[in-house]
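Report on the following structure.
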Amino acid sequence: MTQEKIVKIVVRKNGPYRVYGPFQLVDYEDNVFQLPVDREFVSLCRCGASENKPFCDGSHHKINFQADTKATK
Ligand code: FES
């Protein structure tokens, strides 16, 4: 029996979505975003302030983004 690897997305406190792959990221026309090959994860902006969307560029710190979203148990 093989075990499928699933994508894990971590909702960071006051920060981005951190996505652990493997996965593919595409735009609304199905064009593929190049992902860094040397990292275990990719951070996607959820604050709206990044100048490199859809990626997080750390701007959430500058705007003091506050979101401590937790899953309900
Ligand atoms: S979450 Fe980091 S720049 Fe938006």
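With the requirement that a residue be in a strand (DSSP E or B) and within 22 Å of N64 (Cα to Cα), what does the range 10-53 give you?
Going through the range 10-53, the residues in a strand (DSSP E or B) turn out to be 10-11, 17-20, 26, 32, 41-44.
If the condition is that a residue be in a strand (DSSP E or B) and within 22 Å of N64 (Cα to Cα), then V10, V11, Y17, R18, V19, V42, S43, L44 are the ones that fit.
Each residue in the range 40-61 was checked for being within 15 Å of the ligand (Cβ to nearest atom), within 20 Å of K5 (Cα to Cα) and out of contact with any Leu (no Cβ under 9 Å at 6 or more places or on another chain), and 2 of them qualify.
None of N31, N64 is loosely packed, with under 10 Cβ neighbours inside 10 Å and within 16 Å of the ligand (Cβ to nearest atom) except N64. Scanning the range 15-39 for residues that are under 19 Å from K5 (Cα atoms), out of contact with any Leu (no Cβ under 9 Å at 6 or more places or on another chain) and modelled with pLDDT of 95 or more yields a single hit, Y20.
The values are calculated or read from the model by the stated rules, or taken from the named source; none is laboratory data. On a predicted model such as this, the values are computed, not experimentally measured, just so you know. Reconstructed Cβ throughout: ideal geometry from the backbone, glycine too, with neighbour counts over all protein chains shown.
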